[in-house]
Amino acid sequence: MVSIGPRLPAGVAKLPLGQFVDHLSRTLTGEKSTARLLEACCTATGATPSTSVSAAHELLGWKLGRLLTLVLDQPNFYLR
């Protein structure tokens, strides 16, 4: 199976959601994540900041669209 979407950083098998959201934010927008962004991601996905995200997790599957929408729609990205 070939993945074309966001991935975990190279050499990392799992990350807490908080670190994964920061990774996505830095990769896609060049900006670090904020507490407000993490809270929004948790609300939208039903996960907690400590939820362990792996390559097989639903957050990298069918819930990925929710995360990407929130990361790309954050005000810090637009106001840079």
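The values are calculated or read from the model by the stated rules, or taken from the named source; none is laboratory data. Just so it is clear, the structure is predicted and the values come from calculations on it, not from any experiment. Cβ placement follows ideal geometry from the backbone for every residue including glycine, while neighbour counts extend to all protein chains displayed. Only protein heavy atoms, including side chains, enter the accessible area calculation; ligands, DNA and RNA are left aside. Shrake-Rupley method; radii C 1.70, N 1.55, O 1.52, S 1.80 Å.
Points to keep in mind about this one:
- Counting protein heavy atoms only, the chain has 58 percent of its accessible area on carbon and sulfur, 1.4 angstrom probe.
- Annotation: extensible slack from R36 through A10 equals 6.7 nm (criterion: 0.36 nm per residue apart, minus Cα-Cα distance).
- Compared with the dominant Cα axis of the chain, that is its longest principal axis, helix 17-29 is turned about 60°.
- Think of a 1.4 Å ball rolled over the protein heavy atoms: the chain then has 64 Å² of accessible area per residue.
- Cα Rg, Dmax (largest Cα-Cα span) when computed across the chain, Å: 11.8, 37
- When the surface is traced with a 1.4 Å probe over the full set of protein chains, R26 keeps roughly 130 Å² accessible.
- Summary of packing: across the peptides 17-25, 39-47, the per-residue average of other C-beta atoms within 10 Å ranks them, highest first, as 17-25, 39-47.
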